[in-house]
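First comes the structure, then the notes that go with it.
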Amino acid sequence: MPLDLILMGPPGAGKGTQAKILSRRLGIPHVASGDLFRDHLHRQTPLGQLARQYMDRGELVPDDVTIGMIRERLEQPDCRDGVILDGFPRTPAQARALDEMLSEMGRSLVAALYIRVREELLLRRLAGRWTCRTCGAVYHIEFNPPRIPGQCDLDGGALYQREDDTEEVQRRRIQVYQEQTAPLVSFYRDRGLLVEIDGEQPIPEVTAALLQAIEIRRTTDP
Ligand code: AP5
Ligand code: MG
Ligand code: ZN
């Protein structure tokens, strides 16, 4: 059975950080809606131009556009054995669409991994974040610095700060998360898929907790 996982949690919880590590450890792709939008933006596609209007303000890109983009990605052959979804689903409509997409493929979610971090810690994490232009690896000036300043440890790629990482937009993203995405926690809890992970531990401890939870879900999966 394919290992289909979602990583949930507020902006700055560490979804991208952990997804990158899990993807290498588990050998399944990391599918991040935010990264896909940023890639479109970089290539200046019509989808990128549309998404920018929302991303710049910290608002959600409309569901139909987002769902269509994820559907296309999940149909790629590399997603055959499972995916780690990061930042999708973010609304009840997206969660229902994901259920449908997976069931059309004869698949179903193995776990919804919710990385819990208190709101007062999020801004500090986001303010110090630097991302690799080449591979998307995530660093933090204080909590996870690269070996050479400004350079990715994995491929030497240049590190940059995201355009939506101004304090104003960060605050709005956190607010939008509380309003529109936080309700999904109970959506997945009701389905028996939710696993809560303490995201305030150091990065390697969070990874270990996630791997352990995945292993348990995997072996108890019917
Ligand atoms: P997206 O790219 O998904 O951004 P986000 O949800 O705001 O989340 P972040 O990427 O900011 O946080 P993260 O949890 O990945 O944290 P990270 O690992 O980087 O979305 C951007 C925009 O795209 C949205 O606003 C929206 O417009 C649009 N969009 C995307 N998906 C959409 C959807 N489904 N529907 C509609 N619109 C959508 O870590 C943060 C920092 O903390 C890093 O510096 C890291 O090094 C550090 N850190 C990580 N873990 C730890 C730890 N354990 N201890 C200390 N520091 C840590
Ligand atoms: Mg991210
Ligand atoms: Zn890199």
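In this structure the amide hydrogen of Arg107, modeled in the peptide plane, comes within under 5 Å of no amide hydrogen from residues 5 or more places off or on another chain. Of the trypsin sites (Lys or Arg not before Pro) found in region 15-48, those that fall in a DSSP loop while having at most 16 other beta-carbon atoms within 10 Å are Arg43. Stokes-Einstein, applied to the Kirkwood radius of the chain over Cα pairs at a viscosity of 1.567 mPa s and 4 °C, places its translational diffusion at 73 µm² s⁻¹.
Values in this text are rule-based calculations from the coordinates and carry no lab data. What you see is a predicted model, and the numbers here were worked out from it, not measured in a lab. Neighbour counts run over all protein chains shown; Cβ positions are idealised from the backbone, glycine included.
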